[in-house]
Every structure is written in C-alpha cells, then in structure tokens.
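The values are calculated or read from the model by the stated rules, or taken from the named source; none is laboratory data. Just so we're clear, the structure is a prediction, and the values are computed from it rather than from any experiment. We place every Cβ from the backbone using ideal geometry, glycine too, and count neighbours over all the protein chains shown. Just the protein is used for accessible areas: all its heavy atoms, side chains included, with ligands, DNA and RNA removed. Shrake-Rupley method; radii C 1.70, N 1.55, O 1.52, S 1.80 Å.
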Amino acid sequence: MSEIAEIGRGKSVAALGLETNVHDMGEGRPVVLLHGSGPGVSAWTNWKRVMPVLASDFRVVAPDMAGFGYTERNPDLSYDIKLWVKHLVAILDALEIEKASLVGNSFGGSLALAAAARHPARFDRLVLMGTPCDKFTMTPGLRAGWDYTPSREAMRAAMAHFPYDPSFITDELVEDRFQASLIPGAQEGLRKLLVKPRDEGDTPLSGMPESVVSGIEHQTLVLHGREDKVIPVEMGLRLGRAMPNAEFHMFGRCGHWVQAERFDAFVALSRRHLGAGA
C-alpha cells in the first residue's frame, strides 16, 4: 500500500466489535465529522482540510464508518442505517463522549439525521451538507459510484460529477481517493450502501422520510450547492422547510462538495453554528 493511502489512518478503537479507524484531535466540545459515500471515500479524504481548522475550537472526531476506509470489514454484517447508528454510538462510547454535535456530508448527513432521531439526547447540534430527504431519483453522480472499477482514470471520471468547478479535481484528490478505493472491501461496501441501478428507466431512492425529519428538533445548519449533481438542491430545501430549528444556506456555483468548494464559508458558518468560543 502506498504512503498516500497510509496517511488516511488515525487511531484504532473497538466499536461494535469492529476495529474502527478514527481521527481524533483538538480539545473542547466534541464535534463528529461523518463522511459521505462514493468511490474512495473515507474520513480522511472528506475532512483532511477541515479537521485541523475546527480542532482549534473543538475536539474533532472523524471515523471511518463500518464498510468504509480503514475500519475492519466483517462480511457477516448487513449494512443499513440502523447498523451505522449503532456503530456511531459505539464509537462515542469507546471514546467516552457523552454528547456530540454532528457534521454530516451526504450519506453522513443521513446518518446524522438517523442518529439524532433515534438518540436525541446523545447529540447537540447538526450540520448537514448535500443531504438527501425523502424520495428522489438516482443521479448520474450516484450511479458513477456504483459503476466505478478502480483506476485513476475511472476515479477522475467519477469525481467529475461532484464539484461545479472541475479545477477542484486535483491530481492529489484523485490519488488520495484512488488509493482509498484499493483498500480490500472498499467498493463492495459502497455497493452494499447504494441501491443497484436499474438497467432501464429511473432508479428510485429515498433519504430520511420527511415525516421523521420534521420531528428532529436539534438546531440544524443545512448547506447545499445549487449545482449539486449528486444530491439535488431540492433535498436541502426540503430539509430546511421540514426541520423545526433549521437554517438553510444555498451556495451558487457550487456542487456537492460545499466543504471544499466553499471552504471559508463552510468553516465560518459551522464554527458559528457549533458555538465556537461560547
């Protein structure tokens, strides 16, 4: 395995019977960063720029969830949102964190919503980026994740769906995510998460039901790129309308990677929402 892939390793903690890869830095109120899905995704590839910045104000924890990154694979596990919520709670228990805020990107946003709905007392504030809500149709960006077969060229093509500005697809990003996609079981885990696309016609998908979302009372910051080709911006609008304590920000000339494409604004809005300095 190359040095590039190895720098995605943090420390290992036992959670839900899995040796779980976790990045843990900074001091203060805990903030857990939840990665998205897609080829070569991991806590490191999603959050490596964000972690040290937020760690100046918070204890920042970024785990590789079950089926992703360097977390141990168990072929007997059935991956679903209930399992990921259990894994997340087990990670908090292993780190002796009683209550944390959650920052979720795409799939990570769905996990944040599910965790807050099931265990409201364990979580404080939420930040959701590019997060689905209720029913929608599989986009070409999501289908590209299913179809991906590891190569640098295929990774670059899959990533083309994510940002508004193609210059964000750097050689470093392609290499980081390509190397992460080579971790044994990585693509198999992704395909267990994603619905298999239909050969013909649209493939229906569903995020957290609006009826459930409307009952989540946590203070929530919803961020979405107007040109998001992976999770349509209408999903963010739906969350902003449905959640009783939500604040919604839409970014023009921005795709699915708000934390990269609008890094400064993302950090400023998140720090304020999460209560930096309070």
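For the stretch 18-80, the strands (runs of 3 or more DSSP E) that sit wholly inside it and include 2 or more residues that are of a type outside the set (Ser, Thr, Tyr) and surrounded by fewer than 20 Cβ atoms within 10 Å (Cβ to Cβ) are 18-25. Being small (Gly, Ala, Ser), more than 22 Å from Leu193 (Cβ to Cβ) and surrounded by fewer than 21 Cβ atoms within 10 Å (Cβ to Cβ) narrows it down to one of Ala94, Ala90, Ala100, so name that one. Only one candidate qualifies: Ala94. One residue stands out in the stretch 139-159 among those that are at pLDDT 95 or above and of a type in the set (A, V, I, L, M, F, W, C): the one that is nearest to Arg29 (Cα to Cα), namely Met159. Annotation: of all residues in the stretch 103-148 being in contact with a Gly (Cβ under 9 Å, 6 or more places away or on another chain) and polar (S, T, N, Q), the one that is farthest from Arg198 (Cα to Cα) is Asn105. Taking the stretch 204-216, which residues are surrounded by 16 or more Cβ atoms within 10 Å (Cβ to Cβ), more than 17 Å from the chain's Cα centre (by Cα) and part of a loop (DSSP other than H, G, I, E, B)? Correct list: Ile216 only. Arg238 fulfils the conditions (1) open to solvent by 20 Å² or more (accessible area, probe 1.4 Å); (2) under 30 Å from Thr170 (Cβ atoms); (3) in contact with a strand residue (DSSP E or B) (Cβ under 7 Å, 6 or more places away or on another chain) except for a single criterion, (2). No other residue among Ile231, Ile183 is β-branched (Val, Ile, Thr), touching a strand residue (DSSP E or B) at 6+ places or on another chain (Cβ under 9 Å) and under 25 Å from Val41 (Cβ atoms) apart from Ile231. Between Gly240, Gly255, Gly201, Gly189, the distinction of being part of a helix (DSSP H, G or I) and within 18 Å of Leu142 (Cα to Cα) belongs to Gly189 only. Applying the criterion of being within 24 Å of Trp257 (Cβ to Cβ) and open to solvent by 80 Å² or more (accessible area, probe 1.4 Å) to the residues of the stretch 168-203, the residue that is modelled with the highest pLDDT is Asp171.
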